Every structure is written in C-alpha cells, then in structure tokens.
Amino acid sequence: MITLKFEEARRITGPNLLSQQPGALIDVSIDGISHEDVWQCWQKNISEILNLLGWQNENLYHRKYDGGISLSISAPIDALYTACQAAELAWLLCESQLQSTVFTDKELKLNELMISLAGEVNPTLLALIALAIEKGVSYLVDDDFFSLGTGVTCQVWPVTELPQASSIQWAGFKKIPAAFITGTNGKSTSVRLASTIAKNAGLQAGVTSTDFIRVGETILDTGDYSGPGGARILLRHCETEIAFLEVARGGLLRRGLPVCDNQAALITNIAADHLGQYGINTVPELAEVKFIVDKGLIDTGVLILNADDDELVRLSANTIHSICWFSMDKDNSLIQANMNKGLAVVFFHDQHIHFVKAEYTFSVAVNDIVMTFNGTATYNIRNAMGVIGLCCALKIEHKAILKGLKEFGSDPFDNPGRGNRYQYNGAEVIVDFAHNQHSMSAVIEMAKNIPAKRRLVMFSHAGDRSDQDMFELNEEVLKFEADEYVIAELEIYLRGRELGEIPALVKTHLLNNHVAENHITLCDSPLAGAEHTLTKIQAGDVVLLFALDQRDKIHQLLQLAQS
C-alpha cells in the first residue's frame, strides 16, 4: 500500500541545503514507493508548470531521506509565494497519478497560479538585484524592503517604491565585515566573545543570536534572532561596523542563508540535536545543514573548522575556500599540514592557545581566559580557539583578540546562560543553558573537575524529545554523581506531553539507575527547582542549575543572594 503525505511548503530566500539559489521547497512523507518513482513523477509535473509560468531556465532539486523526500525548485526572488504554490500543485498532481485517482481542479489551479504570479512579480527589483551583483554591491531583500550596502552606508527602500537604477550612487555602498557562526553547541558564546574582541578593536559590533539582537551595548530586541530576519535587521543598522551572525539549524532549513558575501564562517562542532525534523535524521545529515554557511562566503572567504570533529573533516573536502583549522591537539594531521603550507591554524598546547600563520604567531594562557574556568572548561577552550581563528580571518589585530579573551567573563551580562558562576553560602553555583547530550556532557565534565564536598544538580527536559533521548540525557546527568537530583517541570515546553509526565519519567529512570528516592526532588518549574536547591546548599558544594526556562529570574535570585 502506498502512503503519501504532504508535510509543508517553504520559501527559500538564499543559499540552502539543496542549492545556491532562492526558490521553493516541499517536504513529503512516503511509504510503499521508491524515492525515484516519486521524484520522476513530481519532476514531470513541475516541469510542465514551470513552462506555463515562463520559468524554463529554473532548476529542480531533490533530497531523499528515510521516510520522505524534499522536492525543490529555484525561482525568481520576487515570486517565491507563487513558487511554493507551483511546487505544491505539482505534488497534488503527482499524488493523484501515483494513487490512480482523478484530480479535477488542474485548470483552476493553473489559472490561480498565473493570477498569483501577475500580482507578485517585480521586474524593477530583479533589475536592481542584477545590477548590484554586477557592481559587487551587497544587497538584502525581504517581503517588504530592498536595501543596498550594509552598516552606515545601507540605504533601504520599500519594494513597492524602488528607485530608478540611474539615480543610485553605486560607489557609495560598502559591505561591513561579517561572519556566520554555526554548529551544534557554542554558537552564542562564540558570537558574544567575538563581539567583545571587536569592541576592543574599536569596532561597534552587531550580534544576532538565539537570545537577542544587539548593536554595541544596546539590545535591540530579545528572542530568537538566529534566522535571516535578524541578520537583515543587524546588517541594515547604521551603527553596525562588524557583524557576527549566529545561524541555527532551523533558520538554515526554513529559509537558507540571508546573504552570500560574508568574509568568514565558523562551525564550532557537530553533535546530535533536534534530529527527526525537516528530514534531518542523522548526525551526518545535520553536519551538511551546518555546512551551508560555506555557500555564503566570497571567493576569498575563510572557513574556521574544528579539526577534532570527524563530520567537519569529512565535509571539508567539498569546499573551495581556505580553511583555518583549530584543534586541542598540536599534532593533529590537519594542523600540521596547514602549518607546513604556511596557512592559519589555532591549537592548544602546554596550557596555551596558539595562533600560527606562516611566521606570524601569538599565544594566550588558558588561565587568563576567564570563561575556561582555569582550563577546566574544555568546551570553552575550543570556543576560544574558533573565535581566535574567526577574528584573525576578519583581520582583527591580535592585541584586541588577547584583550577581549581576557576581558570576556562568565557573568550573565557577557554570556547569559552559558557557564555563569556564582558564590553562594560558600558553594560554587553554575547556571547553564545546556540542553543536549553534547553540551550537558561538556558542562558536567568541567564541573566534576571542581573539588566538591557534595554535588547537587537541577535539570529539565523539553517534551519534543523522545523517551530514549531523555534517558540518554539522564545518563549524562548521572555522570555528575550528584548527592541530590532536582527535576523541574518545563511547562512552556511540554510540546504535547501531559503536565507531570516528564518529571515522573525521569524520576523512574533515575530510580532504575540506583539513585535513592530520598535523593530525588520534583519541582514545578526551574525557578522553584533553583529555590529548592539553594536551600540545600552547604559550604564546599558544587551546584549545577541547567536553566532551560526562567533563567533571568534564577540569575536575579543568585545576584540578590550575593549582594
């Protein structure tokens, strides 16, 4: 029996997993039929529709994955809604043909497509984009606005009120230095550290992240700005002099990259997280998503890659760009190969981080980098190495890099939710946002290196994880060998689970792993969990608070206690 199910259609506004071009993409679930049969059928139908639209030169793409297939077309940037309708109509026709049913609305739907196209096309916009590309001028476009240049030279027009090309002073537009930062963990820490370094170089740094969008010391807005929308806001801001753009998996898959002319990109690492969404089911597939940033670099752009990450090493063979490798091992073969060629590398050796490029070198002791917890936070040593490579690729002087590394701390202002340290009643309290196996393992490894009389931990899980995923996260928490486990409900992240279901599930798993029941406490929120944990603290304890919600309130609670 054949099962076919349309999942969703998405406008793709920039370089993406399947191509370098904007367009439309649909995801469909399939069972009982081969990927190839579905692809051939859809390809035939979409080709007919594209001919009708006058889009004979557009390209077709597909991506097979377990249980489904992604089907995509390139399309003019001014007609992406029509492109989505076209891709979906081709699927409806394909579905009907594969299931031997009659589709009676074909002519009606084709007519609707032509009406949609007529109302959407903007030839003036396309002409301006073509000229911008020809003249090497950076541009940004969305549903409402078109802009040329970035930072102080940026000029923005409504897409319905575009200027004549002859009136534009093309030579006046400049592109500010800009970089992508992605990976499974360490993205937010890296963009914040990079912005601190840029500040020490006398630059007004702009940052997009999953927490906020910020220019200099001013937070423009809070929320998840790791997608193209946040990048456009930042690059169009007149005070932005250098931009560090956090790009997360969701934004890359939903829309693609916001720009394709950045000078550098950092990929911190690849680990299992959010698998099973958008047809990304394995770590190698996730790595390919993160590697999309490679498509957003100029020809002379630099990729900064983790040489200790097997997936990034594998994908590095696909890039045309120069690579700056970083590694915890000076003798890593990729580090040595780059050094022999006089190419940039960053590595950890003898409790120092070293940058080497031909005859140019500088070093910094990890004990001078606050966020490494005197070298115990290995993950932050890696983050620092990646950012050093990134800032060098952006031609920031090493004096500013060293000053920024030593200045950037682990307090809530510098790096909210990432390794924030407090002294509370003689105990060491660490607040962190870690929420996947890779990041929790790194934080726990660091915390276990801190001498402790007792250990306490508060943690939670979001409801969209499978039971098995939660058990694997529990296994990481168990490595902390805590004297008390506080399990907090995440009511805003139930995502289909019942209230109380997840804490009960986690408690049962801990009991099955020989944790005594009197060492387990359930609380109805992270704040309540933190408050309970603080009542148990004794001098000499080390306490981990994995705060996935109410982080600001937890910080306020701890700051008040310290004042």
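Residues checked against (1) in contact with a strand residue (DSSP E or B) (Cβ under 7 Å, 6 or more places away or on another chain); (2) outside the structural domain of residue 527 (by TED's automatic domain parsing); (3) at pLDDT 90 or above:
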{"site": "468", "(1), (2), (3)": "no, no, no"}
{"site": "473", "(1), (2), (3)": "no, no, no"}
{"site": "478", "(1), (2), (3)": "no, no, yes"}
{"site": "487", "(1), (2), (3)": "yes, no, yes"}
{"site": "490", "(1), (2), (3)": "no, no, no"}
{"site": "493", "(1), (2), (3)": "no, no, no"}
{"site": "498", "(1), (2), (3)": "no, no, no"}
{"site": "504", "(1), (2), (3)": "no, no, yes"}
{"site": "508", "(1), (2), (3)": "no, no, yes"}
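Within the range 235-243, is there a residue that is modelled with pLDDT of 95 or more and basic (Lys, Arg)? It would help to see each step written out before you state the result.
To start, the set of residues in the range 235-243 that are modelled with pLDDT of 95 or more comprises 235-243.
Of the ones still in play, those that are also basic (Lys, Arg) are 236.
Yes, the range 235-243 contains a residue that is modelled with pLDDT of 95 or more and basic (Lys, Arg).
Go through the range 172-202 and give me each residue that's assigned to a loop (DSSP other than H, G, I, E, B) and under 30 Å from residue 131 (Cα atoms). Steps first, answer last, please.
First pass over the range 172-202, keeping only residues assigned to a loop (DSSP other than H, G, I, E, B): 173-177, 183-186, 201-202.
Residues satisfying the conditions are 173, 174, 175, 176, 177.
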Hits in the range 252-285 (condition: surrounded by 24 or more Cβ atoms within 10 Å (Cβ to Cβ) and either without any contact (Cβ under 8 Å) to a residue 60 or more places away in the chain or not in a strand (DSSP E or B) (or both)): 252, 256, 257, 258, 268, 269, 270
Residue match in the range 134-150 (condition: at pLDDT below 95 and among the aliphatic types (A, V, I, L, M)): no
Condition check for residue 150: of a type in the set (Ser, Thr, Tyr) and in the same structural domain as residue 399 (by TED's automatic domain parsing): no
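Is at least one residue of the range 264-274 more than 15 Å from the chain's Cα centre (by Cα) and farther than 23 Å from residue 319 by Cα? Quick ask: steps written out before the conclusion?
As a first pass, look at the range 264-274 and keep what is more than 15 Å from the chain's Cα centre (by Cα): 264.
Imposing the further condition that a residue be farther than 23 Å from residue 319 by Cα reduces the set to none.
No, the range 264-274 has no match at all.
Would you say residue 359 is surrounded by fewer than 22 Cβ atoms within 10 Å (Cβ to Cβ) and at pLDDT 90 or above?
Details: surrounded by fewer than 22 Cβ atoms within 10 Å (Cβ to Cβ): yes; at pLDDT 90 or above: no.
No: the conditions fail for residue 359.
Considering the range 429-488 alone, what residues qualify as being charged (D, E, K, R), under 20 Å from residue 500 (Cα atoms) and under 23 Å from the mean Cα position of the chain (by Cα)?
464, 465, 469, 472
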Helices (runs of 4 or more DSSP H) (entirely within the range 64-171) containing at least 3 residues that are over 30 Å from residue 284 (Cβ atoms) and of a type in the set (Val, Ile, Thr): 123-135
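Return yes when residue 450 is of a type in the set (A, V, I, L, M, F, W, C), surrounded by fewer than 19 Cβ atoms within 10 Å (Cβ to Cβ) and not in a helix (DSSP H, G or I) and no when it is not.
Details: of a type in the set (A, V, I, L, M, F, W, C): yes; surrounded by fewer than 19 Cβ atoms within 10 Å (Cβ to Cβ): yes; not in a helix (DSSP H, G or I): yes.
In short, yes.
Looking at residue 486, is it touching a His at 6+ places or on another chain (Cβ under 9 Å) and crowded, with 18+ Cβ neighbours inside 10 Å? Walk me through how you get there before you give the answer.
Details: touching a His at 6+ places or on another chain (Cβ under 9 Å): yes; crowded, with 18+ Cβ neighbours inside 10 Å: yes.
Spelling it out, residue 486 is indeed touching a His at 6+ places or on another chain (Cβ under 9 Å) and crowded, with 18+ Cβ neighbours inside 10 Å.
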The range 286-298: number of residues that are over 20 Å from residue 22 (Cα atoms) and in contact (Cβ under 8 Å) with a residue 40 or more places away in the chain: 1
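Given the options 156, 152, 137, 141, name the one that is of a type in the set (A, V, I, L, M), surrounded by 13 or more Cβ atoms within 10 Å (Cβ to Cβ) and free of Cβ contacts under 8 Å to residues at least 40 places away in the same chain.
Working: 156 fails: free of Cβ contacts under 8 Å to residues at least 40 places away in the same chain; 152 fails: free of Cβ contacts under 8 Å to residues at least 40 places away in the same chain; 141 fails: free of Cβ contacts under 8 Å to residues at least 40 places away in the same chain.
Checking each option against the conditions leaves just 137.
Anything in the range 21-43 that is without any contact (Cβ under 8 Å) to a residue 40 or more places away in the chain, assigned to a helix (DSSP H, G or I) and among the hydrophobic types (A, V, I, L, M, F, W, C)? List them, or say none. Give the derivation first.
In the first step, residues of the range 21-43 are kept if they are without any contact (Cβ under 8 Å) to a residue 40 or more places away in the chain; the result is 29-32, 34-36, 39-40, 43.
Keeping just the survivors that are assigned to a helix (DSSP H, G or I) gives 35-36, 39-40, 43.
If the condition is that a residue be without any contact (Cβ under 8 Å) to a residue 40 or more places away in the chain, assigned to a helix (DSSP H, G or I) and among the hydrophobic types (A, V, I, L, M, F, W, C), then 39 is the only one that fits.
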Lone qualifier among 353, 323, 298 - being farther than 16 Å from residue 179 by Cβ and assigned to a strand (DSSP E or B): 353
Test: residue in the range 270-282 that is out of contact with any Leu (no Cβ under 9 Å at 6 or more places or on another chain) and modelled with pLDDT of 90 or more: no
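Do we find that residue 323 is closer than 25 Å to residue 346 by Cβ and surrounded by fewer than 24 Cβ atoms within 10 Å (Cβ to Cβ) in this structure? Step through it out loud before you land on a result.
Details: closer than 25 Å to residue 346 by Cβ: yes; surrounded by fewer than 24 Cβ atoms within 10 Å (Cβ to Cβ): yes.
Answer is yes for this residue.
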Check on residue 538, over 20 Å from residue 479 (Cβ atoms) and surrounded by fewer than 18 Cβ atoms within 10 Å (Cβ to Cβ): yes
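Is it the case that residue 281 is under 12 Å from the mean Cα position of the chain (by Cα), of a type outside the set (A, V, I, L, M, F, W, C) and farther than 21 Å from residue 22 by Cα? Full working, then the answer.
Details: under 12 Å from the mean Cα position of the chain (by Cα): no; of a type outside the set (A, V, I, L, M, F, W, C): yes; farther than 21 Å from residue 22 by Cα: yes.
Spelling it out, it is not the case that residue 281 is under 12 Å from the mean Cα position of the chain (by Cα), of a type outside the set (A, V, I, L, M, F, W, C) and farther than 21 Å from residue 22 by Cα.
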Among the candidates 115, 73, residue that is in contact (Cβ under 8 Å) with a residue 12 or more places away in the chain and either touching a Ser or Thr at 6+ places or on another chain (Cβ under 8 Å) or not assigned by TED's automatic domain parsing to the domain that holds residue 160 (or both): 73
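The values are calculated or read from the model by the stated rules, or taken from the named source; none is laboratory data. Every value quoted in this text rests on a predicted model; they were computed, and no experiment measured them. Positions of Cβ are backbone-derived with ideal geometry, glycine not excepted, and every protein chain shown enters the neighbour counts.
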